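A short worksheet on the structure shown next.
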């Protein structure tokens, strides 16, 4: 009886580990993370304002706004991919992407595409820096020797981009009003 339970648990855990999420491919064969969201409670202008705020305020260190129209926001950004071994981790590289947001009344869509991986290495001061300025597309087929490492990079990139998508949806769903900075009160020591 014990052996049957152990075999069932092993088979179930192997089945779960094989079902990893993967990127979809667009018409050109490039990886894409695409999401359409219904938001009946917000107007197009509100969604557009919040998307601009997300790019320019929330992710201003890692994203740069390219252009804005009356219904879309285009931006370029990067995110650092970490390599974790047991508890310790270090950055293995960064993924650059193009971010596109389009809004209509009642719904919006966004996607990340043109994913390029730039590997990191340690410099002589112990900092992790990019080895090159030219990125490698994530959809390329790796060789036999680096297939395992490349699969880990793609899975880590997918997890980071999926988290980015969830953060973006939460940011657009919440009512975040930019607070005006309060003037610092001047204290007079002459009157008391």
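So, residue 139, is that one in contact (Cβ under 8 Å) with a residue 24 or more places away in the chain, in a loop (DSSP other than H, G, I, E, B) and farther than 20 Å from residue 56 by Cβ or not?
Details: in contact (Cβ under 8 Å) with a residue 24 or more places away in the chain: yes; in a loop (DSSP other than H, G, I, E, B): yes; farther than 20 Å from residue 56 by Cβ: yes.
Spelling it out, residue 139 is indeed in contact (Cβ under 8 Å) with a residue 24 or more places away in the chain, in a loop (DSSP other than H, G, I, E, B) and farther than 20 Å from residue 56 by Cβ.
Would you check which residues across the range 11-35 are part of a strand (DSSP E or B) and modelled with pLDDT of 85 or more and list them?
Those that are part of a strand (DSSP E or B) and modelled with pLDDT of 85 or more: 31, 32, 33, 34, 35.
Residue selection: residue 134 satisfies the criterion of being exposed (fewer than 14 other Cβ atoms within 10 Å of the Cβ), in a loop (DSSP other than H, G, I, E, B) and more than 19 Å from the chain's Cα centre (by Cα). State whether one or more residues within the range 89-103 are out of contact with any strand residue (DSSP E or B) (no Cβ under 7 Å at 6 or more places or on another chain) and touching a residue at least 60 places away in the same chain (Cβ under 8 Å). No - not one qualifying residue is present in the range 89-103.
Going residue by residue through the range 83-95, is there one that turns out to be surrounded by 11 or more Cβ atoms within 10 Å (Cβ to Cβ) and within 27 Å of residue 173 (Cβ to Cβ)? Yes, there is a match, as at least one residue in the range 83-95 is surrounded by 11 or more Cβ atoms within 10 Å (Cβ to Cβ) and within 27 Å of residue 173 (Cβ to Cβ).
The values are calculated or read from the model by the stated rules, or taken from the named source; none is laboratory data. Because the structure is a prediction, the values reported are computed rather than measured. In this analysis, Cβ positions are derived from the backbone assuming ideal geometry, glycine residues included, and neighbour counts consider all displayed protein chains.
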